[in-house]
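Visitor: First the structure, which I've put down as structure tokens, then a few questions once you've had a look.
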Amino acid sequence: MQADARKGIALMMLTTIIFACQDGISRHLAEEYNVFMVVMIRYWFFAAFVISIARAQSGSIRKAATTSQPAVQIFRSLLLATEIFVMVAGFVALGLVEAHAIFAAYPLIVAALSGPVLGETVGWRRWVAIGVGFVGVLVILEPGFGVFSPAAILPLIAAVMFALYSLLNRYVARRDSAATSFFWTGVTGAVLATAVGAWFWEPMTGGDWAWMAVLCVSGAAGHWTLIRTYEVAEASMVQPFAYFQLVWGSAIGLFVFGETLELHVAVGAAIVVSAGVFTLIRARKARRRG
């Protein structure tokens, strides 16, 4: 188990690096081209990757697609695709540093919604941590100080959608395999992205097509390393290390895009991450007692 834990942590760290680089490329492309087109092309490659993985794990596409809860599978997949649209728009409007800092609240939202969505019990300690975490979000947003940026709502909306998507992953996992859920995620998302993005097609330069190729490959690579992470280690063991995506994403924002790290963002992010790690630890202990 120790060896598995170390390997899982290493894979999670690699996953966060890949996803942070993907976020940086997404921001670059979405600054030059319409965000709907960028996400559409990204989803085309992702759907092809998902179909190949689902087929390999299930034996056939038909078997991978078979589910007794298609409405929930479609809804959670549409949630993820919409969240990606919103988050990439947030990268462009706010930058990687602030967008990642706000989005880091999503595990707290998962904990808050786990009761009404999954019927799980959330103890008072976790409720306190959730409250503290949202104080951290308010510190980042600085309501009442200067002019509040409406764009700051984008990563918060994305965090709510991703939290609900994560909870629905656990809900559908009660009856569907991971390969089935993965299949619906990629295919449904590609359908939505194409239905929206096809209306916003723009010609791309050769250099940006190269960046798009890197974006597509990194997306598939990141999901593959994430799958491997959960295959070799318990989710509760490696999940706290997912916060390193905030570190790498902020570093790219600072050193590549010339963003600045303001004190209130750093303090707020530290509060959010601390509260999030605490909720993950408490959830793990609760599962062990159960």
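The values are calculated or read from the model by the stated rules, or taken from the named source; none is laboratory data. What you see is a predicted model; the values in this text were computed from it and never measured. Don't worry about glycine lacking a Cβ; one is built from the backbone with ideal geometry, like all the others, and counts go over all protein chains shown. Only protein heavy atoms, including side chains, enter the accessible area calculation; ligands, DNA and RNA are left aside. Shrake-Rupley method; radii C 1.70, N 1.55, O 1.52, S 1.80 Å.
Visitor: Return yes or no: is residue 249 surrounded by 21 or more Cβ atoms within 10 Å (Cβ to Cβ), assigned to a helix (DSSP H, G or I), touching a Phe, Trp or Tyr at 6+ places or on another chain (Cβ under 7 Å) and not charged (D, E, K, R)? Quick ask: steps written out before the conclusion?
Guide: On the way: surrounded by 21 or more Cβ atoms within 10 Å (Cβ to Cβ): yes; assigned to a helix (DSSP H, G or I): yes; touching a Phe, Trp or Tyr at 6+ places or on another chain (Cβ under 7 Å): no; not charged (D, E, K, R): yes.
Considered against the rule, which asks whether it is surrounded by 21 or more Cβ atoms within 10 Å (Cβ to Cβ), assigned to a helix (DSSP H, G or I), touching a Phe, Trp or Tyr at 6+ places or on another chain (Cβ under 7 Å) and not charged (D, E, K, R), residue 249 comes out as no.
Visitor: Pairs needed: first member in region 48-75, in contact (Cβ under 8 Å) with a residue 12 or more places away in the chain; second member anywhere, open to solvent by 60 Å² or more (accessible area, probe 1.4 Å); C-beta distance under 6 Å; at least 6 residues apart or different chains.
Guide: Final answer for the pair search is 61/55; 68/175.
Visitor: So which residues in region 66-99 are within 16 Å of residue 138 (Cα to Cα) and open to solvent by less than 10 Å² (accessible area, probe 1.4 Å), if there are any at all?
Guide: 97, 99
Visitor: Could you run through region 86-132 and say how many residues are of a type in the set (Ser, Thr, Tyr) and in a helix (DSSP H, G or I)? Explain how you work it out, then say what you get.
Guide: Kept after step one, since they are of a type in the set (Ser, Thr, Tyr), are these residues of region 86-132: 106, 114, 121.
Then drop every residue that is not in a helix (DSSP H, G or I), which leaves 106, 114.
So the count comes out to 2.
Visitor: Yes or no: residue 200 open to solvent by 60 Å² or more (accessible area, probe 1.4 Å), out of contact with any Lys or Arg (no Cβ under 7 Å at 6 or more places or on another chain), among the aromatic types (Phe, Trp, Tyr) and over 30 Å from residue 281 (Cβ atoms)? Spell out how you get there, then give the answer.
Guide: Numbers: open to solvent by 60 Å² or more (accessible area, probe 1.4 Å): yes; out of contact with any Lys or Arg (no Cβ under 7 Å at 6 or more places or on another chain): yes; among the aromatic types (Phe, Trp, Tyr): yes; over 30 Å from residue 281 (Cβ atoms): yes.
Yes.
Visitor: Tell me, please, whether a residue that is at pLDDT below 85, of a type in the set (Val, Ile, Thr) and touching a Gly at 6+ places or on another chain (Cβ under 8 Å) can be found in region 217-228.
Guide: Within region 217-228 (the criterion being at pLDDT below 85, of a type in the set (Val, Ile, Thr) and touching a Gly at 6+ places or on another chain (Cβ under 8 Å)), the answer is no, since none of the residues qualifies.
Visitor: Listed residues 159, 193, 233; which is in contact with a Gly (Cβ under 8 Å, 6 or more places away or on another chain) and either closer than 20 Å to residue 21 by Cα or open to solvent by less than 60 Å² (accessible area, probe 1.4 Å) (or both)?
Guide: Working: 159 fails: in contact with a Gly (Cβ under 8 Å, 6 or more places away or on another chain); 193 fails: in contact with a Gly (Cβ under 8 Å, 6 or more places away or on another chain).
Result of the check over 159, 193, 233: 233.
Visitor: Picking from 277, 238, which residue would you name as being in contact with a helix residue (DSSP H, G or I) (Cβ under 8 Å, 6 or more places away or on another chain) and either surrounded by fewer than 20 Cβ atoms within 10 Å (Cβ to Cβ) or of a type outside the set (A, V, I, L, M) (or both)?
Guide: The match here is 277.
Visitor: Could you identify the single residue in 56, 64, 99, 81 that is closer than 21 Å to residue 170 by Cα and out of contact with any Lys or Arg (no Cβ under 8 Å at 6 or more places or on another chain)?
Guide: Working: 56 fails: closer than 21 Å to residue 170 by Cα; 64 fails: out of contact with any Lys or Arg (no Cβ under 8 Å at 6 or more places or on another chain); 99 fails: closer than 21 Å to residue 170 by Cα.
Going through 56, 64, 99, 81 in turn, the sole match is 81.
Visitor: In addition: Counting only residues that are outside any helix (DSSP H, G or I) and within 13 Å of residue 76 (Cα to Cα), how many does region 152-191 have?
Guide: Going through region 152-191 one residue at a time, the tally reaches 1.
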